[in-house]
């Protein structure tokens, strides 16, 4: 399942096998909250199947959908890396199968399988950097 996610393309088959032991699998029903904005960030997810709605509260306190995530996409990784509270809510837009990596499991992987963990963290950082660059472009486009 991990190989379906772009985050793991840099891992060798042996590293993927080692990393797999640190993930858990969960099934989420359509409409269920995976986590809510402001929650403690204790895990990240990778969508194996299904779709996830990313939502943020606007100034009026109303939930606004900011993105729909599809299979292979990771989310919740910012909180796993920095330990801060969730910046958005993630709701199952359809029934989903998720791969979950807890903050504690990532720390354990860093100690026990450091090469695999380093490649995963680097891939997360690259993915977050791409999203930040995209957002910078959108902000600039709105200012013109």
Can you work out the base-10 log of I(q)/I(0) for segment 1-61 at q = 0.18 1/Å, using the Debye formula on its C-alpha atoms alone? -0.82
Can you tell me how much longer the chain between residue 129 and residue 66 gets when fully stretched, taken as 0.36 nm per residue apart minus their C-alpha distance, in nm with one decimal? 20.9 nm
Taking a point 7 angstrom from the Cα of residue 25 along the C-beta vector, which residues in segment 40-83 have backbone N less than 13 Å away? 48-49
With a cut-off of 8 Å between alpha carbons and a minimum separation of six or more residues, what is the relative contact order of the chain in percent? 33 percent
Binning every alpha carbon pair distance of segment 2-143 at 5 Å from zero, what are the percents per bin? 2, 10, 18, 22, 21, 15, 8, 3, 1, 0
So what is the calculated 222 nm ellipticity per residue for the chain, using -39500 (n - 2.57) for each DSSP H run with n of 4 or more, over all residues, to the nearest 500 deg cm²/dmol? -12000 deg cm²/dmol
Test of understanding: ordering 119, 103 by Cβ neighbours within 10 Å, fewest first, what list do you get? 103, 119
Using a Förster distance of 22 angstrom, determine the FRET efficiency expected from the C-beta separation of residue 141 and residue 59, and round it to 0.05. 0.55
Suppose each label sits 7 Å from its Cα in the direction of the beta carbon; what would the residue 32-residue 12 distance come out to in nanometres? 3.8 nm
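Coordinate-derived values only; no laboratory data. Fair warning: this is a prediction, and the values are worked out from it, not measured in the lab. Positions of Cβ are generated from backbone atoms using ideal geometry, with glycine treated the same way; all protein chains shown enter the neighbour counts.
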